[in-house]
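Heads up, the thing below is written out as structure tokens.
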Ligand SMILES: NC(=O)c1ccc[n+]([C@@H]2O[C@H](COP(=O)([O-])OP(=O)(O)OC[C@H]3O[C@@H](n4cnc5c(N)ncnc54)[C@H](OP(=O)(O)O)[C@@H]3O)[C@@H](O)[C@H]2O)c1
């Protein structure tokens, strides 16, 4: 990989959806990119686009980050290059009663949504702290603000991401390194099909707005630049997150279940 004076951003889950849109925001703002996901061909196509449109040096490192040890292997492949911006975006969800869930899928979800995010942050932060410069954008969700019956592990994983990010933001206050948790609500990406939640009320009730990945990325990137600790995208989602956080569980849990239950 060639050296460049442009700041370097590493984006996980860059092959589609919010991650690809965040990579475009970063490239448009003068960053070089390392793009990570399993789908090498989609990453190569995005890298070519970022080079052509923005003059960004974009490298592709295909990896299955749900595997134990994958984050450390990825970091080794970066070969000591200083990561200025880390975007932990790769993640997936699942729907249905927990006691019927595929154990391997649960392990993969925890491994990716929590394990890889934590490990990559641990690996990239020392360099940022030493340089007194750096930003971490962790993609959480409005799912972080209340438990999610029928998406129990996914919502708990996003509660982890939010809690972890807020704690780090405080630990790193005054260090020159900022940590931002991006909390999108329903967003029109492949996530919906991967989690098999096309029919759930959250995505279909009248008045529920589904945002585009581009709008989510713009909001998240603005918050990262402003060094905000947390951003919830969209007014409806901010209202939902607020009430999800303050109302008693006796009220919140049945509503959350109705919003997340699939009719399958
Ligand atoms: N869409 C929503 O409604 C919504 C709402 C709140 C939060 N989010 C969060 O937003 C983030 C991005 O999701 P999205 O909505 O943009 O969905 P998406 O289009 O399905 O993107 C998910 C990304 O993660 C990558 N990924 C999945 N498994 C991976 C693995 N094992 N190793 C490496 N990369 C992997 C995918 O690439 P490959 O398949 O090529 O590996 C893809 O690039 C996720 O963390 C999700 O939880 C989404």
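Numbers for the structure displayed
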| quantity | calculated |
| --- | --- |
| Filtered residue count, the range 121-150, keeping only those that are over 17 Å from the mean Cα position of the chain (by Cα) and in contact (Cβ under 8 Å) with a residue 60 or more places away in the chain | 5 |
| Pairs, first in contact (Cβ under 8 Å) with a residue 60 or more places away in the chain in the range 238-264, second loosely packed, with under 15 Cβ neighbours inside 10 Å, C-beta under 6 Å, six or more apart | 262/199; 263/199 |
| Odd one out for residue 251, checked against (1) surrounded by fewer than 14 Cβ atoms within 10 Å (Cβ to Cβ); (2) more than 18 Å from the chain's Cα centre (by Cα); (3) within 12 Å of the ligand (Cβ to nearest atom) | (3) |
| Subset tally (residues that are more than 9 Å from the ligand (Cβ to nearest atom) and within 20 Å of the chain's Cα centre (by Cα)) for the range 79-108 | 10 |
| Scope the range 183-199; condition buried (at least 16 other Cβ atoms within 10 Å of the Cβ) and touching a residue at least 60 places away in the same chain (Cβ under 8 Å); matching residues | 184, 187, 189, 191, 195, 197 |
| First in the range 39-63 and in contact (Cβ under 8 Å) with a residue 24 or more places away in the chain, second anywhere and part of a helix (DSSP H, G or I) and within 13 Å of the ligand (Cβ to nearest atom), Cβ under 6 Å, 6 or more apart | 46/20; 60/43; 60/44; 62/40; 63/70; 63/74 |
| Candidate set: the range 143-155, residues that are farther than 14 Å from residue 110 by Cα and surrounded by fewer than 24 Cβ atoms within 10 Å (Cβ to Cβ); chosen: the one nearest to the ligand (Cβ to nearest atom) | 146 |
| Among (1) within 17 Å of residue 139 (Cβ to Cβ); (2) within 13 Å of the ligand (Cβ to nearest atom) - the single one residue 42 does not satisfy | (1) |
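Okay, residues lined up against (1) surrounded by fewer than 23 Cβ atoms within 10 Å (Cβ to Cβ); (2) modelled with pLDDT of 95 or more; (3) within 21 Å of residue 121 (Cβ to Cβ):
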position	(1), (2), (3)
5	yes, no, no
16	yes, yes, no
19	no, yes, yes
25	yes, yes, yes
33	no, yes, yes
47	yes, yes, no
53	yes, yes, no
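The values are calculated or read from the model by the stated rules, or taken from the named source; none is laboratory data. Keep in mind the model is a prediction, meaning the values are calculated, not measured. No Cβ is skipped: glycine too gets one built from the backbone with ideal geometry, and neighbour counts run over all protein chains shown.
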